[in-house]
């Protein structure tokens with residue numbers, strides 16, 4: 001016999017009407033309407049074709065109802081963007097490419113994918129090494145915010161020299177330059193937006209556009225964040241060329257703790273720095289009030 005679990009047993013047994021205990025909650029999250037256009041890296045993207053409208057609408061809905069990730073990205077945004085935007089600008093990369101990084105890692109510098117991609121820019125080991133990052137058991141610069149951003153800039157500039165279109169560059173970041181170049185040739189097109197692509201890469205481009213719209217207009221998605229995570233300037237940066245047998249002792253010697261040292265230097269992946277090659281590393285010393 002069907003029965004309402006919230007009602008008294010006697011009421012269910014007697015078949016009585018059970019009053020609703022709570023009024024329905026109003027809907028707090030509603031996906032924004034698809035905008036007429038979005039400006040991205042100097043290009044205008046319009047959604048006046050049914051297929052473009054629907055692809056954009058899907059990502060707007062996805063951002064709206066992915067509450068956890070969307071909220072955390074808003075809270076992390078000031079801390080992360082403050083560190084990477086100057087590097088993009090220095091390298092001549094449009095600031096809008098920061099949204100590529102946002103959808104790669106949800107602005108989590110500790111991000112690690114099931115495929116083995118790591119850090120804000122989600123470099124695989126071989127790709128990271130190919131763009132100048134040290135990737136090993138004790139040092140993994142894919143987690144180094146500044147160095148991984150410099151490596152990403154190298155990739156982005158290289159791809160732009162080939163495609164002359166930033167959205168095609170973004171698509172190649174997801175699908176690889178070989179895959180995008182082959183499809184451009186096979187389909188006789190010049191831009192990735194005009195290609196028939198695997199679903200993941202096709203969505204990737206619209207997720208980047210949605211990310212820009214989301215970070216610039218979070219209220220339109222139903223989000224309001226009043227307590228974003230702050231960026232705290234380090235106390236100092238120390239140059240180290242010698243081995244460090246114990247990062248715990250190193251931290252204490254510099255007036256901090258192992259925890260805070262590791263949080264400030266995520267690229268240090270062990271509890272020591274053997275440094276057999278006698279390389280010079282720049283280690284951030286966080287402020288004691290951290």
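The values are calculated or read from the model by the stated rules, or taken from the named source; none is laboratory data. This is a predicted model, so every value here is computed, not measured. In this analysis, Cβ positions are derived from the backbone assuming ideal geometry, glycine residues included, and neighbour counts consider all displayed protein chains.
Could you say whether any residue in the stretch 178-190 is touching a residue at least 24 places away in the same chain (Cβ under 8 Å) and either within 27 Å of residue 274 (Cα to Cα) or more than 15 Å from the chain's Cα centre (by Cα) (or both)?
yes
Among the listed residues 51, 96, 78, identify the single one that is touching a helix residue (DSSP H, G or I) at 6+ places or on another chain (Cβ under 8 Å) and assigned to a helix (DSSP H, G or I).
Within the list 51, 96, 78, the selection yields 96.
For residue 87, state whether it is surrounded by 11 or more Cβ atoms within 10 Å (Cβ to Cβ), in a loop (DSSP other than H, G, I, E, B), modelled with pLDDT of 90 or more and touching a helix residue (DSSP H, G or I) at 6+ places or on another chain (Cβ under 6 Å).
Against the criterion (surrounded by 11 or more Cβ atoms within 10 Å (Cβ to Cβ), in a loop (DSSP other than H, G, I, E, B), modelled with pLDDT of 90 or more and touching a helix residue (DSSP H, G or I) at 6+ places or on another chain (Cβ under 6 Å)), residue 87 does not qualify.
Within the stretch 155-177, track down each residue that is free of Cβ contacts under 8 Å to residues at least 40 places away in the same chain and surrounded by fewer than 17 Cβ atoms within 10 Å (Cβ to Cβ).
158, 161, 162, 164, 176
In the set 242, 289, which member is over 20 Å from residue 146 (Cβ atoms), at pLDDT 95 or above and loosely packed, with under 12 Cβ neighbours inside 10 Å?
Every option except 242 fails the conditions.
Please work out which residue is surrounded by the fewest Cβ atoms within 10 Å (Cβ to Cβ), limiting yourself to the stretch 130-151 and to residues that are out of contact with any helix residue (DSSP H, G or I) (no Cβ under 7 Å at 6 or more places or on another chain) and part of a loop (DSSP other than H, G, I, E, B).
137
Test residue 120 against the stated conditions and say whether it is outside any helix (DSSP H, G or I) and at positive phi.
Here the answer is no, as residue 120 does not meet what is asked.
Would you be able to say whether some residue in the stretch 22-42 is surrounded by 17 or more Cβ atoms within 10 Å (Cβ to Cβ), under 22 Å from residue 224 (Cβ atoms), touching a residue at least 40 places away in the same chain (Cβ under 8 Å) and over 21 Å from the mean Cα position of the chain (by Cα)?
yes
In the stretch 200-230, what count of residues is obtained for those that are more than 18 Å from residue 47 (Cβ to Cβ) and surrounded by fewer than 12 Cβ atoms within 10 Å (Cβ to Cβ)?
Adding up the residues that qualify gives 6.
Determine, yes or no, whether residue 251 is assigned by TED's automatic domain parsing to the domain that holds residue 62, at pLDDT 95 or above and surrounded by 12 or more Cβ atoms within 10 Å (Cβ to Cβ). Steps first, answer last, please.
On the way: assigned by TED's automatic domain parsing to the domain that holds residue 62: no; at pLDDT 95 or above: yes; surrounded by 12 or more Cβ atoms within 10 Å (Cβ to Cβ): yes.
For residue 251, the condition - assigned by TED's automatic domain parsing to the domain that holds residue 62, at pLDDT 95 or above and surrounded by 12 or more Cβ atoms within 10 Å (Cβ to Cβ) - is not met.
Given the criterion under 26 Å from residue 101 (Cβ atoms), assigned by TED's automatic domain parsing to the domain that holds residue 74 and not in a loop (DSSP other than H, G, I, E, B), identify the matching residue among 259, 215.
215 is the lone residue from the list that is under 26 Å from residue 101 (Cβ atoms), assigned by TED's automatic domain parsing to the domain that holds residue 74 and not in a loop (DSSP other than H, G, I, E, B).
Hey, residue 280 hits all of (1) over 21 Å from residue 148 (Cα atoms); (2) in contact with a strand residue (DSSP E or B) (Cβ under 6 Å, 6 or more places away or on another chain) but one; which does it fall short on?
Looking at each condition in turn, residue 280 falls short on (1).
What do you reckon, is residue 147 in the same structural domain as residue 73 (by TED's automatic domain parsing), modelled with pLDDT of 95 or more, in contact with a strand residue (DSSP E or B) (Cβ under 7 Å, 6 or more places away or on another chain) and under 27 Å from residue 72 (Cβ atoms)?
So residue 147 fails the test.
Testing residue 127 on (1) out of contact with any strand residue (DSSP E or B) (no Cβ under 8 Å at 6 or more places or on another chain); (2) surrounded by fewer than 16 Cβ atoms within 10 Å (Cβ to Cβ); (3) over 15 Å from residue 211 (Cα atoms), one condition comes back false. Which one is that?
Failing condition for residue 127: (2).
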